[in-house]
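Notes follow the structure.
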Amino acid sequence: MPRHFVLFALLAVALLSCPLLLFRARAGEHEPPPAGVATSYPAFDQHPNEQVAIAADPYNTKEKASIFRFKYLQYGFMPIRIIVTNNGDKPISLIDARINFITAAGDKIQAAEPEDVERRIGGVKRPDSGYKLPGPLPRIGNKSSTKNKDVDEDFHTFEYSAVAVEAHTTRAGFLFYDVQDFANPLVGAKLNLRMLRNSEGKELFYFEIPFDKYLATQGATATK
């Protein structure tokens, strides 16, 4: 076989493979980092008797938030990673879970949905002109879509969606909170989780995770 033909064939293969490699590289930029057990994070609450630990890891810097396609911090939304570790022998359920951001002043903020982000982008105020009432974990297994492709893909990729955490397992995902009206939203704030249930349907004692524990390790007091 002529040498020039072999070189041409190799060049063609290389050119055809470039888009695939580029696609894989770009996809890798928007993937959640591996989750450790909840107690490996600075801010967590552990219930030894119930054998459950939950951590909250704020993505409050541009560096951490660079995994997302959309710039949530710029629009006043803080991504917070929820890490749930079940060390027990039976699964626990989060299908009815309430996971609220509690500010230092006691304001209760429910996790945002894609539509909330889209309204902020368009400069449209939320219809109720205030914070939502506490509700269950949004749209588990029934994710909606928005007109903004980046927001839509982020919520499908990152949003917490595990309705159950199996025995001796850790599950993780993100919730997004509207903290636009707060200069230093994490200072004195906490994440409150309630209405988690064991395999028999009994409600677990509520979890409360102070963000000051996280700030103490980061040397940060505000969204950057």
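The values are calculated or read from the model by the stated rules, or taken from the named source; none is laboratory data. Because the structure is a prediction, the values reported are computed rather than measured. Counting neighbours? That spans all protein chains shown, and the Cβs are built from the backbone with ideal geometry, glycine included. Just the protein is used for accessible areas: all its heavy atoms, side chains included, with ligands, DNA and RNA removed. Shrake-Rupley method; radii C 1.70, N 1.55, O 1.52, S 1.80 Å.
Okay, here's what the table says:
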read-out	value
Paramagnetic label zone (point 7 Å from Cα along Cα-to-C-beta, residue 39; backbone N under 13 Å) in region 69-99	85-88
FRET efficiency, residue 181 to residue 121 (Cβ-Cβ, R0 22 Å, nearest 0.05)	0.80
Rounded accessible area per residue of region 151-224, 1.4 Å, Å²	47 Å²
Segment residue 205-residue 63, length gained on full extension (0.36 nm per residue, minus Cα span)	47.7 nm
